[in-house]
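Just so it is clear, none of the values below were taken in a lab; they were calculated from the coordinates. The model shown is predicted, which means the values in this text are computed figures rather than measured ones. Glycine also receives a Cβ, built like all others from the backbone with ideal geometry; neighbour counts cover every protein chain displayed.
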Amino acid sequence: MKSFTYERVRTPAEAAAAVARIPGAKFIAGGTNLLDLMKLQIETPRHLVDVNGVGLDRIETTVDGGLRIGALVRNTDLAADERVRRDYGVLSRALLSGASGQLRNKATTAGNLLQRTRCPYFYDTAQPCNKRQPGSGCSAIGGVSRQLAVVGSSPACIATHPSDMAVAMRVLDASVETVRPDGQARRIAIADFHRLPGDAPHIDTTLEPGEFISGVTLPPPAGGTHIYRKVRDRASYAFALVSVAAIVQRDGSGRVALGGVAHKPWRVDEADRQLPRGAKAAAAALLAGAKPTTNNAFKLSLVERTLATVLTQARG
Amino acid sequence: MNPQHDDRFKMSRRELLLAGGSSLAMTATASDALAAPAETPTPPETVSKAKVSLVVNGQPQELELDTRTTLLDVLREHLKLIGTKKGCDHGQCGACTVIVDGRRINSCLSLAVMHEGSQVTTIEGLGQLGRLHPMQAAFVKHDGYQCGYCTPGQICSAVAVLDEIGRGVPSHVSADLTARPTFSVEELRERMSGNICRCGAYSNIADAITEVAGAKA
């Protein structure tokens, strides 16, 4: 690990200002992903701004009947919250399918959104990787790509976003609330928060330098049946090959988002419109323009079959 | 001369482990030196230090640390509490599991300087020889280990798992999200998935935890 200086801050504005002011500075909250990457020198911050003292650790009801989740609410607490379990079951389920009990106790809401890909070539510092070292090339294309993206990828990067939580937030139409270094707040729709790789895969999100996530807002409950179905190589504690987050209403209408297939949580408006027609039609809309590798072409049929299981489960 | 009769050769297991560790460290340094090109010596890195006060197994500790020091390294290297184990050092195996402010965490993925005021419980704080924690006694009774390396993490995790079920924290396998979770072997296996046992003592580990859960119910 490279040496770094360390400070604790008390407010979101102080946090944003500190990271904007000091070159090579980063926020740290749970640290479960950042420290892992620092040990491998994939992340080499020169200064860490510990944001655990800024508050933002509560879940509050909003005036319109939604929920505002503080940036520092731990994954365990978010999944266990009575309101989330009752009205946003897809979010509880997604969180509980991710990581281990130990990690969920530490990992925060904002940190979960900001976690980096688990592409094996991003982790292997002996190999080229455009996400780790811009312009060095992509080792995953033509390499071992079983876990990697089938849609929305680019010739520069086929990494996936590893979060389960973010897939549920995408299907719930959540918004990310931030504070910029100049103190101004803004709100980013979750759809616009994570980027596609394009020719700049080293940039994961649309956050500006120093911009601090203060929380995530959920709209009022959407009703319906909430399902998060995750398919992985072992029954627990593994990243998704494919995951499906769905909210299905009694009349068969609903919304669907996918994890494990793209650089961001994957949702397509046309797929929601096709949902009443069944898994085949919805999967075709979700995977339109897919460019799988020979290693991960299985994900196309896995998406359709997982979606079929989800729709059967939703019908009860 | 028979070395067994010479005090100089008597070493505790801990001293032996520490000596073994330093000879390993020397090996690593020697090979690093061989690998580094002689003409370009790396400039010495500035070490940044910070102070932290925390409570470990009821004992207040005031430390000044290299900011890079993990909670795991503080426990093992600074406080010599070597019950907590370093397995993968990347949060994948659970051998380093300790209980901080009532919650189990991977001590390898947490910076010590971020634990100002924390209450840390390690395997040494759960119980001692002669007055074992019920979970430790159950692991002994059910032979819940083979090599024993993952055991302190398994036991700390298991103690916290029963507490989590008691507090109503749901899991991936809880059938009804809105109901209070209850103990079952299925629940236990899911909740313990962050603790790997390379010897594969899982069935005995499950028996040990089940016995303690039954006693608590």
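Residues whose amide H lies under 5 Å from that of B:Gly87, counting only those 5 or more places away or on a different chain, are B:Ala95, B:Cys96; hydrogens are built 1.01 Å from N in the peptide plane.
Using 32 Å as the Cα-Cα cut-off, could you pick out the over-long pairs in B:Lys51/B:Lys86; A:Lys39/B:Lys141; A:Lys2/A:Lys264; A:Lys2/A:Lys106; A:Lys264/B:Lys85; B:Lys80/B:Lys141? Pairs exceeding 32 Å: A:Lys39/B:Lys141; A:Lys264/B:Lys85. Within the listed set A:Val19, A:Val63, A:Val73, the residue fluctuating most in the Gaussian network model of chain A (springs between alpha-carbon atoms under 10 angstrom) is A:Val63. Per residue of B:110-117, other chain Cβ atoms within 10 Å of the residue Cβ number 4 on average.
Computed on the Cα trace of the range B:128-216, the radius of gyration divided by the Kirkwood hydrodynamic radius gives Rg/Rh = 0.97.
Translational diffusion of the protein assembly as shown, estimated by Stokes-Einstein from the Kirkwood radius over alpha carbon pairs at 4 °C in a medium of 1.567 mPa s, is 52 µm² per second. Relative contact order of chain A, taken over Cα pairs closer than 8 Å and 6 or more residues apart, is 18 percent. Sequence-distant contacts, meaning Cα pairs under 8 Å at least 6 residues apart, place the relative contact order of the range B:49-125 at 40 percent.
Karplus-based coupling profile of the range A:137-149, in residue order and whole Hz: x, 10, 7, 6, 6, x, x, 7, 10, 3, 7, 8, 6, with θ = phi - 60° in 6.51 cos²θ - 1.76 cosθ + 1.60 and x standing for Gly or Pro.
Its Cα gyration tensor gives the range A:73-230 an equivalent ellipsoid. The semi-axes, each the square root of 5 times an eigenvalue, are 28, 19, 14 Å from largest down. Here the Karplus curve 6.51 cos²θ - 1.76 cosθ + 1.60, taken at θ = phi - 60°, turns the phi angles of the range A:287-300 into couplings of 9, 4, x, 4, 10, x, 8, 5, 5, 10, 4, 4, 5, 5 Hz, with x standing for Gly and Pro.
How would you rank A:Glu270, B:Glu45, B:Glu187, going from fewest to most other Cβ atoms within 10 Å of each one's own Cβ? Walk me through the intermediate numbers first.
Working: A:Glu270 13, B:Glu45 8, B:Glu187 20.
Listing A:Glu270, B:Glu45, B:Glu187 from fewest to most nearby Cβ atoms yields B:Glu45, A:Glu270, B:Glu187.
What does the C-alpha gyration tensor say about the overall shape of the range B:177-217? Classify as rounded when a/c is under 1.5, otherwise prolate if a/b is larger than b/c, or oblate. Oblate, since a/c reaches 1.5 and b/c is not below a/b.
Tell me whether chain A comes out rounded, prolate or oblate; compute the Cα gyration tensor, take square roots of the eigenvalues as a ≥ b ≥ c, and use a/c under 1.5 as the rounded threshold.
Working: a/c = 1.89, a/b = 1.20, b/c = 1.58.
Oblate, since a/c reaches 1.5 and b/c is not below a/b.
What whole-number distance in Å separates the alpha-carbon centres of the range A:65-117 and the range A:222-269? With the range A:65-117 and the range A:222-269 each reduced to a Cα centre, they are spaced 15 Å. Karplus-derived 3J(HN,Hα) values for the range A:244-253, using 6.51 cos²θ - 1.76 cosθ + 1.60 with θ = phi - 60°, are 10, 9, 9, 10, 10, 8, 4, 7, x, 6 Hz; glycine and proline are entered as x.
With N the number of residues in the range B:49-125, Rg(Cα) / (2.2 N^0.38 Å) evaluates to 0.96. Taking Lys and Arg as +1 and Asp and Glu as -1, the other residues whose beta-carbon sits under 12 Å from that of B:Arg191 total -2.
Add +1 for every Lys or Arg and -1 for every Asp or Glu among the other residues with Cβ under 10 Å from the Cβ of A:His194, and state the total. Could the numbers behind the result be given before it?
Numbers: positive: A:Arg170, A:Arg195, A:Lys264; negative: A:Asp192, A:Asp204.
Summing Lys and Arg as +1 and Asp and Glu as -1 gives +1.
Expressed as a whole number of Å, what is the distance separating the alpha-carbon centroids of the range A:120-182 and the range A:1-23? Cα centroid to Cα centroid, the span is 25 Å.
With contributions of -39500 (n - 2.57) from each DSSP H run of at least four residues, the per-residue ellipticity at 222 nm computed over the protein assembly as shown stands at -9000 deg cm²/dmol. Charge tally around B:Lys51: other residues with Cβ under 11 Å, Lys/Arg +1 each, Asp/Glu -1 each, net -2.
Relative contact order of the range B:128-216, taken over Cα pairs closer than 8 Å and 6 or more residues apart, is 44 percent. Hey, could you get me the Stokes-Einstein D for the range B:65-217, Kirkwood radius over alpha-carbon pairs, 37 °C and 0.692 mPa s, rounded to whole µm² s⁻¹? So the translational diffusion coefficient is about 207 µm²/s.
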